[in-house]
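Chemist: I'd like to ask some things about the structure below.
Every number here is computed from the coordinates shown, using simple stated rules; none is lab data. Note that this is a predicted model, so its numbers are computed, not measured. All Cβ positions, glycine included, derive from the backbone under ideal geometry; neighbour counts span all protein chains shown.
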Amino acid sequence: MADHHVITIARGYGSGGKTMGKMLAEELGWSYYDRDLLQLAADESGISEELFAKADETARKSRLFRIAKDVFDGKVIPPDRDDFISNENLFRYQAKIIRRLAASENCVIVGRCANYILKDEPHVLKVYIHAPRKVCIRTVMSMFGLTNQEAEKRIQEIDKRRGDYYKYFTGRDWQCADDYDLCIDSSRMSWEQCISIVRAYLDNL
């Protein structure tokens, strides 16, 4: 293995991708990053975390998408520009943080288009976790005490939100296997077996 590696995890809601990410980070002794990337980006830029959250909402509602190399390279817009707090610049700050983390430490990063931002990095393992809809529904029902209908509605809404966010900034379908090194159906094995597969793949990077 190289000096350090990064695992990015994209996941369908209810598939357990976040749980797996936390378990992997704990087992490997690595750092774990999820929504706390928003706080890191806010600290870096001086822009409030609330604006980053609003940018997420705008991206979800837009049918447009932005593809620009400097967005993913983390080349940020300076504070004296009118578009300093534009959606694109807020995303650039997140990309800047993600690329910095990937260049400096072993870590697991969940969501935030990290797989695409780091798509050309050889030391990054890009994983997509999914499960059949009926399994995800049962999981969400159990976690939040929801009815079948309520759980299915929540899954549809959150998966659409994630898909729209990914599409907005990459122009791609977040469920496309081409964007990942490894796709795992978490319903077919235990957490320990899933983690074992990821670790075996990681050992061969």
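Chemist: Got a sec? How would Arg162, Arg188, Arg199 order by Cβ neighbour count within 10 Å, fewest to most?
Modeler: By the 10 Å Cβ count, ascending: Arg188, Arg199, Arg162.
Chemist: OK, next. Could you line up Phe169, Phe91 from fewest to most neighbouring Cβ atoms inside 10 Å?
Modeler: Numbers: Phe169 24, Phe91 27.
Least to most surrounded, the residues fall as Phe169, Phe91.
Chemist: Within 10 Å of each residue's Cβ, count the other Cβ atoms and sort Glu150, Glu192 from fewest upward. If you can, show how the numbers build up before the last one.
Modeler: On the way: Glu150 14, Glu192 10.
Arranged by neighbour count, lowest to highest, Glu150, Glu192 become Glu192, Glu150.
Chemist: Cα centroid distance between the range 182-204 and the range 9-33, in Å?
Modeler: Answer, in whole Å: 11.
Chemist: Between Gln149 and Leu205, what FRET efficiency follows from the Cβ-Cβ distance if R0 is 45 Å, with the result rounded to 0.05? All intermediate terms of the calculation are to be shown ahead of the outcome.
Modeler: Numbers: r = 43 Å, r/R0 = 0.95.
After rounding to 0.05, the efficiency reads 0.60.
Chemist: Something else: Quick one: 3J(HN,Hα) in Hz for the range 30-40, Karplus 6.51/-1.76/1.60 with θ = phi - 60°, rounded, Gly and Pro as x.
Modeler: Each residue's phi maps through the Karplus curve to give 9, 6, 10, 10, 9, 5, 5, 4, 5, 5, 4 Hz.
Chemist: A follow-up question, please. Distance cut-off 22 Å, Cα to Cα: go down the list Lys119/Lys153; Lys18/Lys153; Lys18/Lys119; Lys22/Lys134 and report the pairs above it. If you can, show how the numbers build up before the last one.
Modeler: On the way: Lys119/Lys153 32 Å; Lys18/Lys153 20 Å; Lys18/Lys119 20 Å; Lys22/Lys134 24 Å.
Where the Cα-Cα span goes over 22 Å, the pairs concerned are Lys119/Lys153; Lys22/Lys134.
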